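Student: Structure provided below as structure tokens; questions to follow.
The values are calculated or read from the model by the stated rules, or taken from the named source; none is laboratory data. Values in this document were obtained by computation on a predicted structure and should not be read as measured data. Cβ: placed from backbone, ideal geometry, glycine included. Neighbour counts: every protein chain shown. When the accessible area is computed, the model is the full protein with side chains, heavy atoms only, and any ligands, DNA or RNA have been set aside. Shrake-Rupley method; radii C 1.70, N 1.55, O 1.52, S 1.80 Å.
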Amino acid sequence: MKATRFGDAADLLLHGGRIRTFDPHGSVTDALAVADGRIVAVGAEAKRLPATEVIDLDDRTAIPGVNDAHLHAAWLGARWPHLFFSDAPQAHQPAGELVRTDAERRGALREAWRLLAELGITSYTEPGIGPGEDDGETGCFGTAMLDAYLDLHRRGAQTARVTLLRLFGTLDGSADLDAFERGIAEPRPETDPRWLAVTGVKIFADGIPPMTTAWVSEPYPDGSTGALLPRGAEGALHAYRRMIELAVSHGEQVAVHATGDRSIEEFLRVLEARPRNDAAPHYVVHGDLATPGQIARMRAIGSGFAVQPLIAAHTREWAGAQLGEERIATAWPLDRMLRSGALTTITSDAPIATPDWRRSLDASLALLGRDDAESREALLRSITVSPAIQDGAADWKGTLEAGKVADITVLDEDPVEPGRALAGIGIARTIVDGRTVHLRA
Ligand SMILES: [Zn+2]
């Protein structure tokens, strides 16, 4: 940022609509000025600055750029338009190797970025790319995909900011402790963390409740309890705990795929025995069967959950058949997570479900069982403010305040106003780093 520009002129002025800043007071303003990719002023002060480009919001609503804190972009781009769960019938599902060449890998990323820009998504977490998947079936998660990311990153081709987690086991599968230990000793690639931040590692603890592979304390109706996926000479539990400890001691952010209460419990026990890390919080991905006590303990250690209400909606019946109605009634405790103050991000896990965050928030409202402005704002913060905290980037993104990056999503209607589906709200424009990356035709 050129300091001389700050405060005397702007590249861009947004005005003529409602600008929801999502700052700590929930301030709403009517103007915002940008210089060199940063917000330099809001409100009356912004309107006083001479600006090169002026965008009239025309009564629309601007919110901080949407951040999907768990989205497999490479896989999404390679599969699009095919999703695993969708309201539309999916006749044909792509199978086997989806990308083979460098050009195809870069093409998958570019396709995902095009789609995300259309959806107003300006940041996301790519949860798990690395050597553990070098022989993987799809070709979407191995070292070659990391190279495609680095290549496009260094060429300045990104239209979304990426937080990337390394993967030293297989996606949704087992991981060997020795391989994990070797992998984590490898240095992270050199990148500009504003665009591609390699913050940590993804560990798969267990499976999913509908397949009775979530590791649970209360047995499933068939008497089984699921099991841990990590493997090591001293057993699965030792391997799991050791992976978390190794990652934390290497300064890595730890994201654990954990759906069963026992997997979450062991994650908590390891972290509770260590000093708290507020830089980029460790977190549980999914957390389907987290107990009230575990949610409170997550908050106490500054950790949180990346949850997928849309997957819950798609799998509720299936999971209910396996777990029983009584148990399913307490699954996906989104309301409790939000009320507890534990860091909670609402994510898509695309291409499992659609990356369309408007549908995720509609599913969230259904899960909460209410629709009011306060709940809507809390949900919207879970796709903007909270993911920035999860990224360890809350000091420079996630809200529309002076000093933060100009990542902005412009919507046709105010998403905080209750009473209608978010899915019906059009996305007019997406701005990343002060630059329009999507303008609806
Ligand atoms: Zn995932």
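Student: Name the long-range amide H neighbours of A227: under 5 Å, sequence gap of 5 or more, or other chain; modelled H, no Pro or chain starts.
Tutor: Under 5 Å from the amide H of A227: G207, W215.
Student: Which order do D87, D102, D433 take when ranked by solvent-accessible area (1.4 Å probe, heavy atoms of all protein chains), largest first?
Tutor: The ranking, largest first, comes out as D87, D102, D433.
Student: Any idea what angle helix 143-154 forms with the longest principal axis of the chain, computed on alpha-carbon atoms, 0 to 90 degrees, nearest 10?
Tutor: The angle comes out near 10 degrees.
Student: Right, another one. Only four residue types carry charge here, +1 at the Cβ of Lys and Arg and -1 at the Cβ of Asp and Glu. Report the dipole size of the stretch 306-441 about the Cα centre in Debye, rounded to the nearest 20.
Tutor: Using only the charged Cβ atoms, the result is roughly 180 debye.
Student: Let me ask something else about it. Out of the DSSP beta bridges found with both residues in the chain, what percent are antiparallel (nearest 5)?
Tutor: Taking every DSSP beta bridge within the chain, about 35 percent pair in antiparallel fashion.
Student: Got a number for carbon plus sulfur as a percent of the chain's accessible area, 1.4 Å probe?
Tutor: Numbers: 8540 of 17220 Å².
For the chain, the apolar C and S fraction of the accessible surface comes to 50 percent.
Student: Determine the per residue accessible area of the chain with all protein chains present and a 1.4 angstrom probe, expressed in square angstrom.
Tutor: 39
Student: Using every pair of alpha-carbon atoms in the stretch 3-59, split the distances into 5 Å bins beginning at 0 and state the percent of pairs per bin, rounded to integers.
Tutor: In order of increasing distance, the bins hold 5, 22, 31, 23, 13, 5, 0 percent.
Student: Would you mind working out the magnitude of the charge dipole of the stretch 3-59 relative to its Cα centre, with +1 at each Lys and Arg C-beta and -1 at each Asp and Glu C-beta, to the nearest 20 Debye?
Tutor: Values: 6 positive and 10 negative charges, 36 e Å.
Its charge dipole is roughly 180 debye.
Student: Additional query: Calculate the tail of P(r) for the stretch 332-438: the fraction of all Cα-Cα distances greater than 22 Å, expressed in %.
Tutor: In whole percent, the long-distance tail amounts to 33.
Student: Label D151 and E104 with points 7 Å out from Cα along Cα→Cβ: what is the distance between them in nm?
Tutor: Between D151 and E104, the simple spin-label model gives 1.3 nm.
Student: Something else now. Note the full-extension length gain between E234 and E137 as 0.36 nm times their separation in residues minus their Cα-Cα distance, in nm to one decimal.
Tutor: Gain in length upon complete extension: 32.0 nm.
Student: What FRET efficiency do you get for E325 and W396 if R0 is 41 Å and r is their Cβ-Cβ distance, rounded to the nearest 0.05?
Tutor: 0.35
Student: Per 0.36 nm of contour for each residue apart, how much would the distance between A373 and F84 grow if the chain were fully extended, relative to their Cα-Cα spacing?
Tutor: 100.9 nm
Student: In nm, to one decimal, how far is the modelled label at H25 from the one at R182, with both set 7 Å along Cα→Cβ?
Tutor: 5.7
Student: Continuing with this model, one more query. Need one value: the accessible area of W318 in square angstrom, 1.4 angstrom probe, rounded to the nearest 10.
Tutor: Solvent-accessible area, nearest 10 Å²: 110 Å².
Student: Find, among the GluC sites (Glu not before Pro) in the stretch 47-143, those assigned to loop by DSSP (not H, G, I, E, B) with at most 15 other beta-carbon atoms within 10 angstrom.
Tutor: Sparse-neighbourhood loop GluC sites (Glu not before Pro): E97, E137.
Student: Nearest 10 degrees is fine. How inclined is helix 261-272 to the longest principal axis of the chain, computing both from alpha carbons?
Tutor: 70
Student: If you don't mind, there's one more thing I want to ask. Separation between the R48 and R299 pseudo-spin-labels, each 7 Å from Cα along Cα→Cβ, expressed in nm?
Tutor: Going by the 7 Å Cα→Cβ label model, 4.1 nm.
Student: If you find the alpha carbon centre of the stretch 8-22 and of the stretch 52-87, how far apart are they in angstrom?
Tutor: So the separation of the two Cα centres works out to 20 Å.
Student: Run the Debye formula on the Cα coordinates of the chain, all scatterers equal and no solvent, and tell me log10 I(q)/I(0) at q = 0.12 1/Å.
Tutor: -0.99
Student: Using helices alone, I'd like the mean residue ellipticity at 222 nm for the chain: each DSSP H run of four-plus residues gives -39500 (n - 2.57), total over residue count, nearest 500.
Tutor: -9000 deg cm²/dmol
Student: Could you calculate the contour length gain from H250 to A95, that is, 0.36 nm times the residue separation minus the distance between their Cα atoms, to one decimal place in nm?
Tutor: Full-extension gain reported as 52.2 nm.
Student: Take the alpha carbon atoms of the stretch 263-312, find their center, do the same for the stretch 117-167, and report the distance between the two centers in whole angstrom.
Tutor: 24
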